[in-house]
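Bear in mind these aren't lab numbers, they're just calculated from the coordinates by the rules spelled out. Since this is a predicted model, take the numbers as computed values, not measurements. We place every Cβ from the backbone using ideal geometry, glycine too, and count neighbours over all the protein chains shown.
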Amino acid sequence: MSDYQIETKCIQSGWQPENGGPRMLPIYQSTTFKYDTSEHMGKLFDLEEEGYFYTRLQNPTNDAVAAKIADLEGGVAAMLTSSGQAANFYAVFNICEAGEHVICASSIYGGTFNLLGVTMKKLGIECTFVDVDAPEEELEKAFKPNTRAVLAESIANPALVILDIEKMARLAHSHGVPLIVDNTFATPVNCRPFEWGADIVTHSTTKYMDGHAMQVGGAIVDSGNFDWEAYGDKFHGLTTPDDSYHGIIYTKKFGKKAYITKATSQLMRDLGSIPSPMNCFLLNVGLETLPLRMERHCYNAQKVAEFLQAHEKVAAVNYAGLPGDKYHELAKKYMPKGTCGVISFELKGGREPAVRFMDSLKLASIVTHVADAKTCVLHPASHTHRQLNDQQLKEAGISPGMIRLSVGIENVQDIIQDLSQALEQA
Ligand SMILES: *Cc1c(COP(=O)(O)O)cnc(C)c1O
């Protein structure tokens, strides 16, 4: 499908029915798959032959959706996970072990901040959080001999920092490590991290990809571009024999698909976290309309951002689509079709008016979610980022009065009307 435009790929990639086969992706709700000979099954276990044997490792429904997402990002292979959290964990853990180090953007999703700063630390993996807007000379200082990856979001949730992908890729590569970009908010429709040098892309498919708040899921996509063997001393898990698979060497046996194969055959095998086939089916339905929805999300968000910016009770609006926004130029470069539907803004007076405003909304709902068809709001300081202290909040680009507004695809006049009446109450 690689010659088609993204709108076509969203519909046509992945499931390829055989003659007389079902046009719609079937839900293979089966844990196991049947074989005629014991020898055949043995070859599957040796990774000698491709085929299905147990859904924790592979499932036809899941694989069709993984293939579609790999195609959408322009990658060579993808692995789906049961959540975006699992995707980011596996993406890093696949190439980084105890005693090693990663660099991560400080303005990052709260769950990723805890994952790297707290939980992975307990596994012996150290993380340095950096301000990705800092000059390269400054960022250089974060690299250590045991650094194994750099992780950042193309559009930071919720700070809406737009990543200078080329700059970060250049830095990572000059230190012989891959750049992992969490492309959840931009989606492959609006941002193509591999075209700017990123090596691995992750997603919380829970957000726009699904688009209807139906399933929690994640994905890891490999560009196939990072040369693991050139830095074999750092990535020995990929370049030396795997004792748990009869001594196969992933880079030798699987070439450009080494990274995803290792993630599946080691991390999924040992840690689990697969999505259910039913959830993959739902995700696939969502993906079909992703380009249409992203266009409308961006259109509506732009109108809402302009409305908020002109409102007397609003102190500040962050949306890269606004010409005065700090990230406007970077957004134009990396996301020419638009960024996403998420806006953050601050009411004059801080925390209390923010809460009064939220409680007065009628159409927009208060939910711990963003990036789906329905307009919704969240107060990061009292919800998603509740665990962070004021200093950490500041580092993550969040102020106590900040409201995160996820603009849906309803009629924009109705959305603005609702915000307007709630602002009167604030
Ligand atoms: C939501 C989110 C995650 C976590 O994904 P889950 O599917 O909720 O586990 C990771 N990264 C970003 C940017 C997110 O928005």
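Brief remarks follow.
- For region 1-41, the list of GluC sites (Glu not before Pro) that fall in a loop by DSSP and count at most 10 other C-beta atoms within 10 angstrom reads GLU18.
- Inter-centroid distance (Cα atoms) of region 307-353 relative to region 193-247, Å: 31 Å
- Spin-label model, GLU49/ARG269: points 7 Å from Cα along the beta carbon direction are separated by 1.8 nm.
- Burial ranking of peptide ranges 420-426, 107-113 (average Cβ count within 10 Å, highest at the top): 107-113, 420-426
- If you sort the three axes of the alpha carbon gyration tensor as a ≥ b ≥ c, you get a/c of 1.5 or more for region 297-338 and a/b no higher than b/c, which makes it oblate.
- Over 24 Å [Cα-Cα, region 50-151], rounded percent: 37 percent
- Share, in percent, of DSSP beta bridges within the chain that are antiparallel, nearest 5: 60 percent
- Modelled label positions at VAL355 and LYS144, each set 7 Å beyond Cα in the direction of Cβ, lie 4.0 nm from each other.
- Close amide H partners of VAL342, meaning residues 5 or more places away or on another chain with modelled amide H under 5 Å apart, are VAL407.
- Percent RCO, i.e. relative contact order, over the chain, from Cα pairs under 8 Å lying at least 6 residues apart: 16 percent
- Three-way shape label, region 111-155, alpha-carbon gyration tensor, a/c 1.5: oblate
- Close amide H partners of ASN157, meaning residues 5 or more places away or on another chain with modelled amide H under 5 Å apart, are TYR109.
- Taking a ≥ b ≥ c as the square roots of the eigenvalues of the alpha-carbon gyration tensor, region 111-270 is classed oblate because a/c is 1.5 or more while a/b is no larger than b/c.
- 3J(HN,Hα) from dihedral phi, region 349-357, Karplus parametrisation 6.51/-1.76/1.60, rounded to Hz, x for glycine, proline: x, x, 4, 5, x, 4, 5, 4, 4
- Taking amide H as placed 1.01 Å from N in the peptide plane, the amide H of PHE129 sits under 5 Å from that of CYS104, each at least 5 places away or on another chain.
- Percent of beta bridges antiparallel (DSSP, region 107-238, rounded to nearest 5): 45 percent
- The phi torsions of region 290-305, fed into the Karplus equation with coefficients 6.51, -1.76 and 1.60 and a -60° offset, translate into couplings of 3, x, 5, 5, 4, 4, 6, 4, 5, 4, 5, 5, 4, 4, 5, 4 Hz, rounded to whole numbers, with Gly and Pro shown as x.
- Under the Karplus curve 6.51 cos²θ - 1.76 cosθ + 1.60, θ = phi - 60°, whole-Hz ³J(HN,Hα) for region 4-15, x wherever Gly or Pro sits: 7, 6, 4, 4, 6, 4, 4, 8, 9, 6, x, 4
- On a per residue basis, the convex hull of the C-alpha atoms belonging to region 136-218 measures out at 95 Å³.
- Among the chymotrypsin sites (Phe, Trp or Tyr not before Pro) in region 1-67, those placed in a DSSP loop whose Cβ has at most 13 other Cβ atoms within 10 Å are TYR4.
- Per residue Cα convex hull volume in Å³ - calculated over the chain: 138 Å³
- Extension gain (nm, one decimal) between GLU395 and GLU97, 0.36 nm per residue minus Cα-Cα: 104.7 nm
- Loop sites in region 284-380: GluC sites (Glu not before Pro), DSSP, at most 16 other Cβ within 10 Å: GLU312
- FRET E, pair ASN19, ASP227, Förster distance 35 Å, beta-carbon r, rounded to 0.05: 0.30
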